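Colleague: Mind looking over this structure? Questions follow.
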Amino acid sequence: MLERLKVASRRSLNQIEQYPVVSFFGLLVFLFGIIILSHVLRAPAVMTEEVALEAKESAVFTPGTDTAYVTVPAKVKKESIVNIVALTPGIVSTVLTAPGRFVQSGQTLLVLTNDYQGGSAELGKQLASENARLTAELAKIDKDITTLKEKQTKRDDTLSGTEEDIALAELEKDRAVRKSSLAQSALSLELSTKNDAVLKPKVFMSGVVESIRVKRGDLVTAGQVLATVVSKNGATTLEALLDPRTARLFALDTEARLTVGNDTVTLLPTYFAQSENENGLFSVLFTLSPELTKRITNGEYLRIALPLATDTNMLVPIDAISQDDTQASVLVSVEGKAVAKTVTLGTIYGSYVEIMSGLNREDSVILSRSIVSGDAVRTR
């Protein structure tokens, strides 16, 4: 055996000596083959590690906790009389001033309460009862609409196409009315338990009290005028006009965002009309501080972002919606992964759209357009 190996070795050496160039290139090919093979065998493990570590970052919007805003134009106006309004339903517990008295900017004029010998409890019960009634009526209408649409799909011969359309239109109209009433009822119920900033209306300019329109013990509603104040120097207000749909969802108790130059300030409304004007719009006023007044001019239009109440309406940014010819969908983050959900769209409010079905209030809706279903996601 050993002798055979010696003979084979001598033959190999003789071949190398006889063909040195060929032997050299053959050795190079052999070595390159080993190197390439080692990389091929190692590559999948490296790629797997890289893919596992890669996650796309995105901001998210949670309908149940994040606030939706609609941006509208608002006109700067110089006023000498400002109305002080209630931002929540309640009972007048204390009147801290009187007509003819001078008041300073930021001074509290009245105090509202929802705790007056059980009166607030009764008010809360009434609002909750109304809420429940409207919710039940809305659920019944939704069921009737679903039933009628199923009949349309099956081409039920008991109704002609025209009759079906009329019946469906009537149900949709009833639904809109009930939904509007439910939104107002829910908002009133929420506002009935608000904090001091809402329960203690303040004046945002110095002046003389012209009138106090309520007395201790009076029951007031959100938007009701409580007092008027006159200023010799005038006050600068910002007036926005809202269409009925937006006015219905406007959150009186949440601060709006006004951008002036590079600065953003937050404001609570000082007046909100309870009825529409001759153009079918609702007026909302904000009183501006003297410091802010110096930076703007009378008659100028500014853009203000108004908060929307989403107790009964689920809103998400339009940019989060993907839509084709047959359906709309959003991506939500579930355990670090993007998952698609099919949704039914409703009314559009500025840069937000109402979600009628398919989404939960606690869902984290992905806002990045570069993410697709199945991607790993890191939310912020």
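Colleague: Consider Thr293 carefully, then state whether it is surrounded by 13 or more Cβ atoms within 10 Å (Cβ to Cβ), at pLDDT below 90 and in the same structural domain as Ile84 (by TED's automatic domain parsing).
Modeller: yes
Colleague: Another question, then. Among all residue pairs at least 6 apart or on different chains, which show Cβ distances below 9 Å where the first residue, located in the range 43-66, is farther than 12 Å from Leu367 by Cβ and the second is modelled with pLDDT under 85 and assigned to a loop (DSSP other than H, G, I, E, B)?
Modeller: Between residues of the range 43-66 that are farther than 12 Å from Leu367 by Cβ and residues that are modelled with pLDDT under 85 and assigned to a loop (DSSP other than H, G, I, E, B), the close pairs are Pro63/Thr310; Gly64/Thr310.
Colleague: Kindly provide the set of residues from the range 331-368 that are touching a helix residue (DSSP H, G or I) at 6+ places or on another chain (Cβ under 9 Å), over 24 Å from Arg248 (Cβ atoms) and part of a strand (DSSP E or B), ordered by number.
Modeller: Within the range 331-368, Leu331, Ile366 qualify.
Colleague: Does the range 289-301 include one or more residues that are touching a Pro at 6+ places or on another chain (Cβ under 7 Å), at negative phi and β-branched (Val, Ile, Thr)?
Modeller: no
Colleague: Can you go through Val334, Val316 and tell me which one is out of contact with any strand residue (DSSP E or B) (no Cβ under 7 Å at 6 or more places or on another chain) and at pLDDT 85 or above?
Modeller: From the options Val334, Val316, the qualifying one is Val334.
Colleague: Further, regarding this structure: Enumerate the strands (runs of 3 or more DSSP E) found wholly within the range 219-268, keeping only those where 1 or more residues are free of Cβ contacts under 8 Å to residues at least 40 places away in the same chain.
Modeller: Strands (runs of 3 or more DSSP E) meeting the threshold: 225-242, 263-267.
Colleague: Counting just the residues of the range 303-344 that are aliphatic (A, V, I, L, M) and farther than 30 Å from Thr266 by Cβ, which one comes out surrounded by the fewest Cβ atoms within 10 Å (Cβ to Cβ)?
Modeller: Val334
Colleague: Moving on to the next point. Within the range 285-318, take every residue that is of a type outside the set (Ser, Thr, Tyr), over 11 Å from Ala68 (Cα atoms) and part of a strand (DSSP E or B) and give me the one that is nearest to the chain's Cα centre (by Cα).
Modeller: Ile304
Colleague: Tell me the residue from Thr246, Thr237 that is assigned by TED's automatic domain parsing to the domain that holds Gln104, modelled with pLDDT of 70 or more, hydroxyl-bearing (Ser, Thr, Tyr) and in contact with an Asp or Glu (Cβ under 9 Å, 6 or more places away or on another chain), please.
Modeller: Thr237
Colleague: Given (1) more than 23 Å from Glu354 (Cα to Cα); (2) in contact (Cβ under 8 Å) with a residue 24 or more places away in the chain; (3) surrounded by fewer than 13 Cβ atoms within 10 Å (Cβ to Cβ), where does Gly280 come up short, assuming only one miss?
Modeller: (1)
Colleague: Among the residues of the range 345-364, write down those that are within 16 Å of Thr246 (Cβ to Cβ), surrounded by 14 or more Cβ atoms within 10 Å (Cβ to Cβ) and out of contact with any Gly (no Cβ under 9 Å at 6 or more places or on another chain).
Modeller: Result: Gly346, Thr347, Tyr349, Gly350, Ser351, Tyr352.
Colleague: Something else about it: Restricting attention to the range 207-226, which residues are closer than 16 Å to Ile91 by Cβ and of a type in the set (A, V, I, L, M, F, W, C)?
Modeller: Ile212, Val214, Leu219, Val220, Ala222, Leu226
The values are calculated or read from the model by the stated rules, or taken from the named source; none is laboratory data. For clarity, every value in this text was computed on a predicted model and none was experimentally measured. Cβ atoms come from the backbone with ideal geometry, glycine included; neighbour counts cover every protein chain shown.
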